[in-house]
Amino acid sequence: MAKVATGAMQVPYSRIRELAEEAMKMEGVVKLYFGESNIPTPNFIKQAACRALEEGYTFYSSNAGLPGLR
């Protein structure tokens, strides 16, 4: 078995992990706590993402975001 670094054992348990574990026990919860939902992405969004990639939107925008989306 692989050894775990001593420092890693001292990292406190994540509060978001506690929240996620509770939410996983519930019905009807839209799970956004890890930055993604458990709902399939609609086709129109997937198509828009493909178009954006083809148009060269392959990097993060500036901190202010894209002017057309403000």
Just name the residue that is farthest from the chain's Cα centre (by Cα) out of those in the range 25-44 that are among the aliphatic types (A, V, I, L, M) and loosely packed, with under 10 Cβ neighbours inside 10 Å.
-> MET26
Of the residues GLY7, GLY68, GLY35, which single one is without any contact (Cβ under 8 Å) to a residue 12 or more places away in the chain, on the phi > 0 side of the Ramachandran plot and either in contact with a Ser or Thr (Cβ under 9 Å, 6 or more places away or on another chain) or of a type outside the set (Ser, Thr, Tyr) (or both)?
-> GLY35
Based on what the data block shows, is ASN63 polar (S, T, N, Q), exposed (fewer than 10 other Cβ atoms within 10 Å of the Cβ) and under 19 Å from the mean Cα position of the chain (by Cα)?
-> yes
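Within the range 55-70, track down each residue that is of a type outside the set (A, V, I, L, M, F, W, C) and either assigned to a loop (DSSP other than H, G, I, E, B) or touching a strand residue (DSSP E or B) at 6+ places or on another chain (Cβ under 6 Å) (or both). Steps first, please.
Looking only at the range 55-70, we keep the residues that are of a type outside the set (A, V, I, L, M, F, W, C), and these are 55-58, 60-63, 65, 67-68, 70.
Correct list: GLU55, GLY56, TYR57, THR58, TYR60, SER61, SER62, ASN63, GLY65, ARG70.
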Can you tell me how many residues in the range 1-54 are outside any helix (DSSP H, G or I), among the hydroxyl-bearing types (Ser, Thr, Tyr) and over 29 Å from LEU69 (Cβ atoms)?
-> 2
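FYI, it's all coordinate maths here, none of it is from the lab. Please read all numbers here as calculations on a predicted model, not as lab measurements. Every residue, glycine as well, gets a Cβ built from its backbone with ideal geometry; the counts of neighbours run over all protein chains shown.
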